Amino acid sequence: MSDYVELFDLTKIYPTPKGPAVIVQDFNLRIKKGEFVALIGHSGCGKSTVLSMLAGLNDISGGGIILAGRELDGAGPDRGVVFQSPSLLPWLTAFENVMLGVDQVFFTASKIERRQIAEYYLTVVGLGNAIHKRPAELSQGMRQRVGIARAFALSPKMLLLDEPFGMLDALTRIELQQVLLEVWNRTKLTALMVTHDVDEAIFLSDRVVMMTNGPAAGVGDILPIPFPRPRDRAALLESAEYYRCREYLVTFLEERAHRRCQQAKAA
């Protein structure tokens, strides 16, 4: 399978009064079509910066990004984005929030076809009985379900997730991980997810990309996840291989944390 997404020498530099701040430098990653990749690292290492550049929401200082054979320049509906907070318009219902994007992307389709797309994805994320409720009437988890439905409903070439479950309680987080996985299994969208949760990364992804600490962060290591799909959480937790993967990721993060502490003391 050929590379579908290529991030080459991706760099982000911000000007500061003390001079240029290099957040990400020479970040290189290739993702195959239909692959689910998780990006982990310590807070502030540049994970979300990489994702926002891929989404076209943050200018690229150096390098470039190719998606499906085309170099990206700015945001577009070919990338569906799910943020930590879904940012729904409060005066619109869940259905109307999803329809905003559907109407723009599928403007040549009939009104009935567009409605069916929105209703389908709201139903598969478990909101079939709440599609006409406004955000204030929905729990945080339900609002995030709307965000997931909205991203998938656009039929993008790539799905980008920026710690989508970071604001949820543990039980809701586990429930929505399963929802995301079930919808992804139906579509097999190429996906990149930023997370700080090692268990989440193992459960959802095909590969886990570990970022070095900033400044000038890059790819530190990549761990292939050996478990076949579809995945069963209970079966994974009984697997010795699961704990081997977990230990590998935790060790990487702990070593980076120790190194950062030593650098801070030296400074």
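None of the figures in this text is laboratory data; all of them are computed from the coordinates on show. Please read these numbers as outputs of a predicted model, since none were measured by experiment. Positions of Cβ are backbone-derived with ideal geometry, glycine not excepted, and every protein chain shown enters the neighbour counts.
Data table
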| item | result |
| --- | --- |
| Cα→Cβ-extended label distance, 7 Å offset, between ASN28 and GLU182, nm | 4.1 |
| Exposure proxy order (Cβ contacts within 10 Å, fewest to most) of TRP91, TRP184 | TRP91, TRP184 |
| Highest-fluctuation residue, GLY19, GLY56, GLY147 considered, GNM on the chain with Cα pairs under 10 Å | GLY19 |
| Taking ILE117, ILE60 and counting other C-beta atoms within 10 Å, the order from fewest to most | ILE60, ILE117 |
| Relative contact order [Cα under 8 Å, 6+ residues apart], the stretch 81-222, whole percent | 26 |
| Per residue convex hull volume, Cα atoms of the chain, in Å³ | 148 |
| Amide H contacts under 5 Å for GLY220, placed H, 5+ residues apart | MET210, MET211, THR212 |
| Cβ-Cβ FRET estimate between TYR243 and ASP169, R0 fixed at 30 Å, reported to 0.05 | 0.75 |
| Cβ-Cβ FRET estimate between ALA136 and LYS18, R0 fixed at 51 Å, reported to 0.05 | 0.70 |
| Vicinal HN-Hα couplings computed from phi for the stretch 2-9 (Karplus, 6.51 cos²θ - 1.76 cosθ + 1.60; Hz; Gly/Pro x) | 7, 5, 9, 10, 9, 9, 10, 6 |
| nm² value of the averaged projected area, convex hull over the Cα atoms of the stretch 71-182 | 7.3 |
| Label zone at SER61 (point 7 Å along Cα-to-Cβ), backbone N below 13 Å, the stretch 207-236 | 214-218 |
| Taking the chain and dividing mean pair separation by its residue count, relative contact order in percent (alpha carbons under 8 Å, at least six apart) | 25 |
| Sum of -39500 (n - 2.57) over DSSP H runs of 4+, divided by residues of the chain (222 nm, nearest 500) | -12500 deg cm²/dmol |
| Cα-centred dipole magnitude for the chain, charges only on beta-carbon of K, R (+1) and D, E (-1), debye, nearest 20 | 260 |
| Relative contact order of the stretch 1-103, defined on C-alpha pairs under 8 angstrom at six or more residues apart (%) | 27 |
| For the stretch 136-267, radius of gyration divided by Kirkwood radius, i.e. Rg to Rh on alpha-carbons | 1.00 |
| FRET efficiency, 1/(1 + (r/R0)^6) with R0 22 Å, evaluated for SER85 and SER155 via beta carbons | 0.40 |
| Theoretical gain in end-to-end length, GLU254 to PHE107 [0.36 nm per residue, Cα-Cα removed] | 48.0 nm |
| Which of LYS157, LYS33 has the fewest Cβ neighbours within 10 Å, and the rest in rising order | LYS33, LYS157 |
| ³J(HN,Hα), Karplus 6.51/-1.76/1.60, whole Hz, each residue of the stretch 224-240, x for Gly, Pro | x, 9, x, 7, x, 10, x, 9, 10, 4, 4, 5, 4, 5, 9, 8, 5 |
| Phi-based couplings in Hz for the stretch 159-169 (Karplus 6.51, -1.76, 1.60; Gly and Pro marked x) | 10, 10, 10, 9, 6, x, 10, x, 9, 9, 5 |
